[in-house]
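Written out below as C-alpha cells is the structure these notes cover.
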Amino acid sequence: QPRGLEDPELLARETVFSVSEIEALYELFKRISSAVIDDGLINKEEFQLALFKINKKESLFVDRVFDLFDTKHSGILGFEEFARALSVFHPNALVDDKIEFSFQLYDLKQQGFIERQEVKQMVVTTLAESGMNLSDDVIENIINKTFEQADTKHDGKIDKEEWKNLVLRHPSLLKNMTLQYLKDITTTFPSFVFHSQVDD
Amino acid sequence: CNLNAFDIISYSSGFDLSGLFEEE
C-alpha cells in the first residue's frame, strides 16, 4: 500500500485541487487516518468516526460512500483514493462527475440501473436508521411518483440517462455532492505549509 | 406532494460528508 504524500503535483493535475489544496487535504487525511490506528490509511471505522464523531450506528450510506471511495477494493482508503473521490465533491468539479457518482451511490447492486426494489430498500432502510416511520402505503405512493418523474422509458428502472435528466430537473438531488469546505481547505488546514514539498 | 424518494433517502441517510471537515 502506498503511504504518505508521494506526488502532490500529479494528483493536482488529475483532480480539481491545486498542489496547495492537495497538501492541505493531506493534513485532513492524516487526522482522520490516525483516529483509531495510526497507519496512514483510513478504515471504515475511522471514516464513520470522522463523519459522525461518535461511532453510533449502522449506515447503509456510509458503507456505499466508503465503497465508492475505495476504488482498489482493499477495504481501506489510501490518500490517493481519498483525494480523487473528494475531488468530485469540489464546487468546481464537473456536474457530470457528480451525476455519475450519485448514480453509482444509488445503484446498490451495480447493475447499471437503479431498480424500484433498490429505491424502496433505500427509503425503508434510511428511514429506519433515522428513526422515522412512514406507512408502506405512503412509501409506495412516493416511489410511484418518483418513478413517474424519472422512469421516462417506463421499464421499471432508472438508467444513467434518466437519472441525469431527473437531477437536472431536481438539482436538490445533487446538493450533497458539493462540499463548500473544499474551497477553503488551505485556510482550514494552514499547517500544510510546514510540510509542503513544493514552492507554489 | 412533491417529495421525491431520493430526497428522502439523502435527507434521512445523513449522506453529508461535511462531517469530515469538522473537528471533534
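Rule-based calculations on the coordinates, nothing more; no lab input. Everything quoted here is computed from the prediction, not taken from an experiment. FYI the Cβ positions are ideal-geometry reconstructions off the backbone, even for glycines, and counts take in every protein chain you see.
3J(HN,Hα) along segment A:144-161, derived from phi through the Karplus expression 6.51 cos²θ - 1.76 cosθ + 1.60 where θ = phi - 60°, amounts to 4, 5, 5, 6, 4, 6, 8, 8, 6, 8, 6, 10, x, 8, 10, 8, 5, 5 Hz, with x in place of Gly and Pro.
Distant-in-sequence amide contacts of A:N43, defined by a placed amide H-H separation under 5 Å and a gap of 5 or more residues or a different chain, comprise A:L77.
The trypsin sites (Lys or Arg not before Pro) found in segment A:104-148 that occupy coil by DSSP, while having at most 11 further C-beta atoms within 10 Å, are A:K109. Bridging of A:K120 to lysines at a Cα separation below 23 Å is possible for A:K57, A:K98, A:K109, A:K145, A:K153, A:K157, A:K160, A:K164, A:K175, once same-chain residues fewer than 8 apart are set aside. Across chain A, Cα pairs under 8 Å and at least six residues apart give a relative contact order of 26 percent. Dividing the radius of gyration of the alpha carbons in the protein assembly as shown by their Kirkwood radius gives 1.00 for Rg/Rh.
Restricting the GluC sites (Glu not before Pro) of segment A:15-88 to loop positions (DSSP other than H, G, I, E, B) with no more than 13 neighbouring Cβ atoms within 10 Å leaves A:E58.
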